[in-house]
Amino acid sequence: MIHTNDMKKYFILLALISLSSSLLSQQLEGNYKEKSDSLSFSRGKVSFSLSGFGALVTRIIGEGSYELVGDYLLIDTHEYPGEKSAVQILDGVSRDSVTVKVLGPNNYPLQGALLEYMSESGKVIRSDISNELGESQLPRDRKIRKIRVSNLGYDEIRFDVTEGNDFRVTLAKDNVIENQTVALKISREDEETLSILLLTDNFDPGKEKMKALEKLYEKARKSNLLAKRLKKEYIPTYHYQGR
């Protein structure tokens, strides 16, 4: 026999689940922020700046269209219009070696950047670390067709090697996500608060999207990753009162 109190608790639980589902089914709008983390929604588009989810020690930034799949937010990123890493092709100083100079955002030499010299297929042939002048110099090798430059806290870049050229690379801060799908677990705690958990910045759903998302969430849960709570920001509206 079901007691009255148990029935009340059951209906309250159903109401809360229904409320949560209805809130997430609405199109998200506005800016949600907590310290330096943010999600900004506008007319089916979203821009993001997120960091600090467990093993994620760098910040990811990007923008694109989004869709809600149950309790998951998928962001299909496009080309980022803001600052990102860039490469400048220079005339080669030596016929026998290639020099790559790595600079930070303020055009200062960046020591300790990782340079990976790769084949056409992406296999790493050689690796090097930029010196105190921000430079890496290696003998020219026809097998080396691409170079990837990365450093913790900076936007990684990959570019093609062209015969007879040196390269100047400027690394931008943060990790810019482009042409990838970012997957987050998301829920509304109330009208002004979003709880989010980053699952991956390069989601490949395979044949079953929901199953792939649930698998990622289970992995994040077992890793004890903590969700972030972002509060909606309201821009004050000022009304002029004439005499």
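The values are calculated or read from the model by the stated rules, or taken from the named source; none is laboratory data. Just so you know, these numbers come straight off a predicted model, no measurement behind them. FYI the Cβ positions are ideal-geometry reconstructions off the backbone, even for glycines, and counts take in every protein chain you see. With ligands, DNA and RNA removed, areas are computed over all heavy atoms of the protein, side chains included. Shrake-Rupley method; radii C 1.70, N 1.55, O 1.52, S 1.80 Å.
Overview of values
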read-out: Matching option when the condition is surrounded by fewer than 16 Cβ atoms within 10 Å (Cβ to Cβ), under 24 Å from the mean Cα position of the chain (by Cα) and of a type outside the set (S, T, N, Q), among Glu192, Glu163, Glu116, Glu120; value: Glu192
read-out: Any pair with Cβ under 7 angstrom, 6 or more apart, that starts in segment 192-208 at a residue that is without any contact (Cβ under 8 Å) to a residue 12 or more places away in the chain and ends at one that is polar (S, T, N, Q) and surrounded by fewer than 20 Cβ atoms within 10 Å (Cβ to Cβ); value: none
read-out: Residue tally, condition more than 17 Å from Lys101 (Cα to Cα) and in a loop (DSSP other than H, G, I, E, B), over segment 164-179; value: 4
read-out: Boolean, Asp71 is assigned by the TED database to the domain that holds Leu197, charged (D, E, K, R) and in contact with a helix residue (DSSP H, G or I) (Cβ under 8 Å, 6 or more places away or on another chain); value: yes
read-out: Test for Val169: is it open to solvent by 20 Å² or more (accessible area, probe 1.4 Å) and among the hydrophobic types (A, V, I, L, M, F, W, C); value: no
read-out: Qualifying residue in segment 215-226 (condition: under 29 Å from Ala113 (Cα atoms), at pLDDT 90 or above and aromatic (Phe, Trp, Tyr)); value: no
read-out: Of all residues in segment 83-122 being of a type in the set (Ser, Thr, Tyr) and in contact with a strand residue (DSSP E or B) (Cβ under 7 Å, 6 or more places away or on another chain), the one that is nearest to Glu163 (Cα to Cα); value: Ser97
read-out: Inter-residue pairs, beta-carbon under 7 Å, first free of Cβ contacts under 8 Å to residues at least 40 places away in the same chain and in segment 84-112, second surrounded by 14 or more Cβ atoms within 10 Å (Cβ to Cβ), 6+ apart; value: Pro109/Leu103; Pro109/Gly134; Gln111/Ser130; Gln111/Asn131; Gln111/Gly134; Gly112/Ser130; Gly112/Asn151
read-out: Members of segment 57-87 found to be among the small types (Gly, Ala, Ser), modelled with pLDDT of 95 or more and within 21 Å of Arg148 (Cα to Cα), listed by number; value: Gly62, Ser85, Ala86
read-out: Hey, Leu90 under 26 Å from the mean Cα position of the chain (by Cα) and modelled with pLDDT of 95 or more or not; value: no
read-out: Complete set of residues in segment 180-201 that are modelled with pLDDT of 95 or more and either outside the structural domain of Ser36 (by the TED database) or outside any strand (DSSP E or B) (or both); value: Gln180
